[in-house]
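Working notes for the structure below.
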Amino acid sequence: MTTPPATIGSRIRAFRERLQLTPADLARQTGFDEPLIAAIESDIVYPSIGTLARLARALGQRLGTFMDDQFHADPLIVRAEQRQGAAPTHKAETVADGFSYSPLSRGKTDRHMEAFYIEITPEAGELLSSHEGEEFIVVVSGEIELTYGDTRHILNPGDSAHYNSVVHHLVKAHGGQPAAIYAVVFIPY
């Protein structure tokens, strides 16, 4: 088996090319514009979870396919000190529009869900997301504002939310302070 390309963008490009799709084809299938596809594949833009989910779906892959770089036998244990500053072939912690994602499932190749530790700045983007599947979040620190459809909820440390992610939703820091969450995302493929 060949070693996968090193970055998320190059992995997306490799899967697209393997399916003999052009960037325009992938843009049509995902509803994104072609310049965004090019920016993601060139590692200029790091895709959010919702964006990555739509790309994975269009390419017939599970979300974690683009983040896998190693295999670990069960149980996969990620210590807190390993989560910070891990140095695989691509960034363990990647900032996308004010969201710093630390994947916690990388290495479990037979998984059906993705787990993340996410730090959110008060300046984080406010783009609503929608994709197939479910999400489960637990607030670790700070306050989180969860917009779900037309409803807004404020979550405090220890609070959790489990929801169908096909409904437009937004998770952001509340109160002008940074926040952190654990998130588990399930996207059928």
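Any read-out appearing in this document is the output of simple, stated calculations on the displayed coordinates, not a laboratory observation. Just so we're clear, the structure is a prediction, and the values are computed from it rather than from any experiment. Methodologically, a virtual Cβ is constructed for each residue, glycine included, from the backbone with ideal geometry; neighbour enumeration extends over all protein chains shown.
For ILE44 and GLU17, a Förster radius of 22 Å and the Cβ-Cβ distance give a FRET efficiency of 0.75, rounded to the nearest 0.05. Cβ-Cβ distance of SER141 and HIS112, R₀ of 35 Å, FRET efficiency by 1/(1 + (r/R0)^6): the value works out to about 0.80. The modelled label-to-label distance between HIS162 and ALA24, using points 7 Å beyond Cα along the C-beta direction, is 4.6 nm. Using R0 = 22 Å, the C-beta based FRET efficiency linking GLU34 and LEU170 works out to 0.30.
Once both labels are positioned 7 Å from their Cα atoms along Cα-to-Cβ, the gap between SER10 and THR121 label points is 2.7 nm.
Rounded if a/c is under 1.5, else prolate if a/b beats b/c, else oblate: with a ≥ b ≥ c from the C-alpha gyration tensor eigenvalues square-rooted, which is region 80-186? Taking the square roots of the gyration eigenvalues as a ≥ b ≥ c, region 80-186 is oblate.
Taking the Cα centre of region 80-186 as origin, work out the dipole magnitude from +1 charges on Lys and Arg Cβ and -1 charges on Asp and Glu Cβ, in debye rounded to 20.
Charge dipole, region 80-186, about its Cα centre: 300 debye, nearest 20.
Between the listed residues VAL138, HIS168, PRO122, the Cα displaced farthest toward the positive end of the dipole of region 80-186, a dipole computed from Cβ unit charges relative to the Cα centre, is found at VAL138. When each of the peptides 157-167, 138-148 is scored by how many other beta carbons lie within 10 Å of its residues on average, the order from highest to lowest is 138-148, 157-167. The alpha carbon gyration tensor of region 8-66 gives principal lengths a ≥ b ≥ c with a/c below 1.5, which makes the shape rounded.
With the charge dipole of region 8-66 set up from +1 on Lys and Arg Cβ and -1 on Asp and Glu Cβ about the Cα centre, the Cα lying farthest toward the positive end among the listed residues ALA14, GLY64, GLY50 is that of GLY64.
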